[in-house]
Amino acid sequence: MNAAPALAGYTAAMGFAAPQLLLRSNWPHRAPALAAAAWHALAVSFSIAAALTAYSLAMPTEHLHAGLVGLLHTCGLSANTAQPDPDTADRLAVGVPAVIGIALVASFAFHVVRARRARTQHREAVDLVGRHSPRLCATVLPYDTPAAYCLPGRHPRIVISDAAVDRLTPEQLDAVLEHEQAHITGRHHLVLAAMEAFYSVFRWVPLARHARQQTTLLLEMIADDRALRRHSHEVLATAMYEMAAARTPKGAWAAGGPNALIRMKRILGPRKTPHPALWGSVAAMALAVPLLPLLVACPPGLG
């Protein structure tokens, strides 16, 4: 029994239907870390399902069990050296899924390297123009618009304009710095690079487009929640309002930005902690969804 139709249906469901269900849910903004994990789980599940669908289409008469054995022969890992060379279908069955995996890894590396290069160039310029503030643990730039952002990576920087230092209260300034530090310690640039890679390979799929947009917003909300551990909602929201119009250099994370209005409404609106049952069910889903394509391709009891 060939699993190609079931796998194709599952891939389509993950790519087109699942993101709509997640977008219509009202819990992601209440649990941004969990929601980000859910989006990544859907992306991983879709990628695995797409690879297995390509394999099943290339080997319509083979079950996944047999295909895995064939994969070992193709890679030269089988102890039986008397097997014949793989034919065209065998090569396609291995080659197409391999291309998908290689494309994702290469795209991730490309986005990481490109962002690192942009941050390095900007960091060098910031070090020349700005002045380091030991009190703020940040670099202060001469800029007449309130702004704050961070340059994550091996040599991170938190950059803040002197207009922000002058206009923000000490509490607001501390909240902004806490927000930026959360991006650095959370290594959010790598999380976003993974989703950028997924979008680059599957940009025609709604899941890829929505996952990239939502991950960017959710990572900002995660940083907001880190700042809210020590500061009031009004303090952080006011600071974000002051810096909403500031521009962010490429590869940086800013406390303001285009999502500032959504985040301010979330911060100032009623706060409702997700029910533990919701946490548990979504966490279980995030762990199980990447494995579902394997069950579809190789259901229990089939040999």
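Below 8 Å, C-alpha to C-alpha, sequence gap of six or more: please give me the relative contact order for the chain in percent.
Values: 413 pairs, mean separation 81.0, N = 303.
Taking the mean separation of contacting Cα pairs over the length of the chain, I get 27 percent.
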**Request:** Calculate one ³J(HN,Hα) per residue across region 152-167 by plugging θ = phi - 60° into the Karplus curve 6.51 cos²θ - 1.76 cosθ + 1.60, and present them in order as whole Hz with x for glycine and proline.
**Result:** x, x, 5, 10, x, 9, 10, 10, 9, 7, 5, 5, 5, 5, 6, 8
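Please report the antiparallel percentage of the DSSP beta bridges confined to the chain, to the nearest 5.
Numbers: 9 of 12 bridges.
Roughly 75 percent of the DSSP beta bridges within the chain come out antiparallel.
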**Message:** At 7 Å along Cα-to-Cβ for each site, give me the label-to-label distance between W204 and L292 in nm.
**Reply:** 2.3 nm
**Request:** Please identify, among P146, P156, P274, the residue showing maximal mean-square fluctuation in a Gaussian network model of the chain using a 10 angstrom Cα cutoff.
**Result:** P274
**Request:** Considering only D174, D144, D224, give the residue with the highest GNM mean-square fluctuation for the chain, with springs between Cα atoms whenever their separation is below 10 Å.
**Result:** D144
**Request:** Note the angle between two axes, namely the Cα long axis of helix 233-242 and the longest principal axis of the Cα atoms of the chain, as a number of degrees from 0 to 90, rounded to the nearest 10.
**Result:** 80 degrees
**Rough spin-label spacing in nm, given labels placed 7 Å along Cα→Cβ, for S133 and R117** = 3.3 nm
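Percent relative contact order of region 107-261, based on C-alpha pairs within less than 8 angstrom and at least six residues apart?
28 percent
Read-outs throughout are calculated quantities, based only on the coordinates presented, and are distinct from any laboratory measurement. Everything quoted here is computed from the prediction, not taken from an experiment. Note that we place each Cβ from the backbone using ideal geometry, even for glycine, and neighbour counts take in every protein chain shown.
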